[in-house]
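Engineer: Have a look at this one before I ask anything.
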Amino acid sequence: MPRSGIRQIMDAAWQLDGPVIGLHVGEPSFTPPEHVIEAAREAYAAGDTHYVPNAGVGKLREALADKVSSHNKFAVSPEQVVVSAGGIQALHVALSLAVSEGDEVLIPDPGWPNYAMIIGLLRGTPVRYSLRADRGFMPDLDELESLLTERTRMILVNTPSNPLGTVMSGDVVESLVRFADRHDIWLLSDECYDALTFDAEHVSAGRFDEQSRVLSAFSFSKTYAMTGLRVGYLTSPNAVAGVAAKIQEALISCVNAPAQAAALAALHGPQEPVHVMRHAYHSRRDAAAQALDGLGIPYLNPRGAFYLWVDLRDRSGHSIAEWALSLLATQKVAVAPGTAFGPVGEGWARLSLAADMADLLEGIRRIGAMK
Ligand code: PLP
């Protein structure tokens, strides 16, 4: 299990005396909408505290099938939905379905570090494909072809991207599904930020799935600021949906019942809080971009998720990880070094727009003050 480069910064931040401006974690600065909390409270009060079906409560699975059909624009039945303990556990179920010891999974670089961790737990091998600045941070099909071996089982795709904030166009998403078709591999689509885009349309891989090979992971964590409630969901093709539910029995039995009641309330209740949060991230993005422009620091303007990928190649010397530790020690600002997301992140850092505006702007000011 590789050590997380973000965790290293977190540990160092905890050891410091005095306040630190934390721009390193993806934890929303909001609380869940009140009606969501109320639904969980009511579920506890009503004694809704027993085991529920492995794949999730029927009403929630129905509501999720409707949400995927209307928002993500591909049809799934409630039987194809498995409720999971956050999006991460949906990824774990999907990877458990496909990966045996020695199997290879193509993962993005830079990409969320947890992908490699889960694949490692399954004794598979993560194989990184690059998302480079000089290719517009999009996957390159020739490179993907060159990484295939007879052990390749799956390609993992993440849009909107953590850490890049990129949003793939429909053409790019479709080309990746066709790549999976051509090589008869699974495609796992991590769409945990599907509700968080700014002036860009999120396009789901499931829309292009003609050969039943796309599995899609979603989450309530970011959309409704419900990170601690731990609810996500996986959609999978009919042929393996039952297996996904069985895997849930082996891993967690079922997701906590009051959290599922809260998730149902989140889906059925007013969506205004989602718009308010998205708007706040959008404003923070614009303010942060302006501050970086003022300092002459280049960055990738995010169109989704809530991260800002900042180009420090001219400032960070040979190691962004060391630069981030020194930023923490001298300026008391924690950022995630790009290499925490893969070697392609060398020279870059990820700033979280989930921090509040004042922290974000003060953090950027201090980055500018770094010698
Ligand atoms: N996928 C990506 C890219 C993420 O950044 C995260 C959380 O940070 C997740 C999935 C899973 O989040 P959760 O398990 O809280 O739903």
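Engineer: Given the criterion away from the ligand (no atom under 16 Å from the Cβ) and modelled with pLDDT of 95 or more, identify the matching residue among 194, 199, 190, 209. Explain how you work it out, then say what you get.
Structural biologist: Numbers: 194 fails: away from the ligand (no atom under 16 Å from the Cβ); 199 fails: modelled with pLDDT of 95 or more; 190 fails: away from the ligand (no atom under 16 Å from the Cβ).
Going through 194, 199, 190, 209 in turn, the sole match is 209.
Engineer: Go through the residues of segment 110-122 one by one and say whether even a single one is part of a loop (DSSP other than H, G, I, E, B), without any contact (Cβ under 8 Å) to a residue 40 or more places away in the chain and away from the ligand (no atom under 16 Å from the Cβ). Quick ask: steps written out before the conclusion?
Structural biologist: From segment 110-122, those part of a loop (DSSP other than H, G, I, E, B) are 110-113, 122; that's our starting set.
Imposing the further condition that a residue be without any contact (Cβ under 8 Å) to a residue 40 or more places away in the chain reduces the set to 122.
Imposing the further condition that a residue be away from the ligand (no atom under 16 Å from the Cβ) reduces the set to 122.
Within segment 110-122, one or more residues are part of a loop (DSSP other than H, G, I, E, B), without any contact (Cβ under 8 Å) to a residue 40 or more places away in the chain and away from the ligand (no atom under 16 Å from the Cβ).
Engineer: Tally the residues that are under 23 Å from residue 89 (Cβ atoms), in a loop (DSSP other than H, G, I, E, B), open to solvent by 10 Å² or more (accessible area, probe 1.4 Å) and not hydroxyl-bearing (Ser, Thr, Tyr), restricting the search to segment 163-198.
Structural biologist: So the first thing to find is which residues in segment 163-198 are under 23 Å from residue 89 (Cβ atoms), and the list is 163, 180, 185-196.
Those still in the list that are in a loop (DSSP other than H, G, I, E, B) too: 163, 185, 191-196.
Still in the list and also open to solvent by 10 Å² or more (accessible area, probe 1.4 Å): 192-195.
Next, only the ones that are not hydroxyl-bearing (Ser, Thr, Tyr) stay: 192, 194-195.
Qualifying residue count for the region: 3.
Engineer: All but one of (1) assigned to a helix (DSSP H, G or I); (2) under 28 Å from residue 253 (Cα atoms) hold for residue 49; which doesn't?
Structural biologist: Status for residue 49: all satisfied but (1).
Engineer: Quick one: count up the residues across segment 18-35 that are of a type in the set (A, V, I, L, M), under 19 Å from residue 326 (Cβ atoms) and assigned to a loop (DSSP other than H, G, I, E, B).
Structural biologist: Quick first cut of segment 18-35, residues of a type in the set (A, V, I, L, M) only: 20-21, 23, 25.
Checking the rest, the ones that are also under 19 Å from residue 326 (Cβ atoms) come to 20-21, 23.
Right, trim to assigned to a loop (DSSP other than H, G, I, E, B) and you get 20, 23.
So the answer is 2.
Engineer: Please work out if residue 219 is within 12 Å of the ligand (Cβ to nearest atom), farther than 18 Å from residue 82 by Cα and under 16 Å from the mean Cα position of the chain (by Cα). Walk me through it before giving the result.
Structural biologist: Details: within 12 Å of the ligand (Cβ to nearest atom): yes; farther than 18 Å from residue 82 by Cα: no; under 16 Å from the mean Cα position of the chain (by Cα): yes.
So residue 219 does not fit the description; no.
Engineer: Also, quick follow-up: Can you list residue pairs whose Cβ atoms sit under 8 Å apart, with the first residue in segment 88-102 being under 9 Å from residue 217 (Cα atoms) and open to solvent by 40 Å² or more (accessible area, probe 1.4 Å) and the second being within 15 Å of the ligand (Cβ to nearest atom) and in a helix (DSSP H, G or I)? Count only pairs 6 or more apart in sequence or on different chains.
Structural biologist: Correct list of pairs: 88/114; 88/118.
Engineer: Scan segment 128-157 residue by residue and report those that are closer than 26 Å to residue 302 by Cβ and open to solvent by 30 Å² or more (accessible area, probe 1.4 Å).
Structural biologist: 128, 132, 133, 134, 135, 136, 138, 140, 141, 143 - these are the residues of segment 128-157 that are closer than 26 Å to residue 302 by Cβ and open to solvent by 30 Å² or more (accessible area, probe 1.4 Å).
Engineer: Determine whether segment 309-328 contains at least one residue that is of a type outside the set (S, T, N, Q), in contact with a strand residue (DSSP E or B) (Cβ under 9 Å, 6 or more places away or on another chain) and under 26 Å from residue 276 (Cα atoms). Let's see the steps before the verdict.
Structural biologist: As a first pass, look at segment 309-328 and keep what is of a type outside the set (S, T, N, Q): 309-315, 317-318, 320-325, 327-328.
Imposing the further condition that a residue be in contact with a strand residue (DSSP E or B) (Cβ under 9 Å, 6 or more places away or on another chain) reduces the set to 309-313, 320-325, 327-328.
Those still in the list that are under 26 Å from residue 276 (Cα atoms) too: 309-310.
Yes: one or more hits.
Engineer: What do you reckon, is residue 107 within 16 Å of the ligand (Cβ to nearest atom), in contact with a Pro (Cβ under 6 Å, 6 or more places away or on another chain) and in a strand (DSSP E or B)?
Structural biologist: On the way: within 16 Å of the ligand (Cβ to nearest atom): yes; in contact with a Pro (Cβ under 6 Å, 6 or more places away or on another chain): yes; in a strand (DSSP E or B): yes.
Yes; evaluated as a whole, the condition is true for this residue.
Engineer: Does residue 177 satisfy being more than 24 Å from residue 26 (Cα to Cα) and within 16 Å of the ligand (Cβ to nearest atom)? Quick ask: steps written out before the conclusion?
Structural biologist: Working: more than 24 Å from residue 26 (Cα to Cα): yes; within 16 Å of the ligand (Cβ to nearest atom): no.
Taking the combined requirement at face value, the residue does not satisfy it.
Engineer: Do we have any residue at all in segment 63-82 that's closer than 29 Å to residue 352 by Cβ, aliphatic (A, V, I, L, M) and away from the ligand (no atom under 15 Å from the Cβ)?
Structural biologist: Checking segment 63-82: at least one residue is closer than 29 Å to residue 352 by Cβ, aliphatic (A, V, I, L, M) and away from the ligand (no atom under 15 Å from the Cβ).
Engineer: Additional query: Restricting to segment 225-257, what's the tally of residues that are open to solvent by less than 30 Å² (accessible area, probe 1.4 Å), more than 17 Å from residue 214 (Cβ to Cβ), within 15 Å of the ligand (Cβ to nearest atom) and small (Gly, Ala, Ser)?
Structural biologist: Total meeting the criteria: 1.
Engineer: Take the residues of segment 67-82 that are open to solvent by 80 Å² or more (accessible area, probe 1.4 Å) and touching a residue at least 24 places away in the same chain (Cβ under 8 Å): which is nearest to residue 244 (Cα to Cα)?
Structural biologist: In this case the residue turns out to be 79.
Engineer: Against the definition (without any contact (Cβ under 8 Å) to a residue 60 or more places away in the chain, buried (at least 17 other Cβ atoms within 10 Å of the Cβ), within 15 Å of the ligand (Cβ to nearest atom) and not in a helix (DSSP H, G or I)), how does residue 160 come out, yes or no?
Structural biologist: Working: without any contact (Cβ under 8 Å) to a residue 60 or more places away in the chain: no; buried (at least 17 other Cβ atoms within 10 Å of the Cβ): yes; within 15 Å of the ligand (Cβ to nearest atom): yes; not in a helix (DSSP H, G or I): yes.
Criteria not met by residue 160.
The values are calculated or read from the model by the stated rules, or taken from the named source; none is laboratory data. For clarity, every value in this text was computed on a predicted model and none was experimentally measured. Positions of Cβ are generated from backbone atoms using ideal geometry, with glycine treated the same way; all protein chains shown enter the neighbour counts. These area figures cover heavy atoms from the full protein model, side chains too; ligands, DNA and RNA do not enter into them. Shrake-Rupley method; radii C 1.70, N 1.55, O 1.52, S 1.80 Å.
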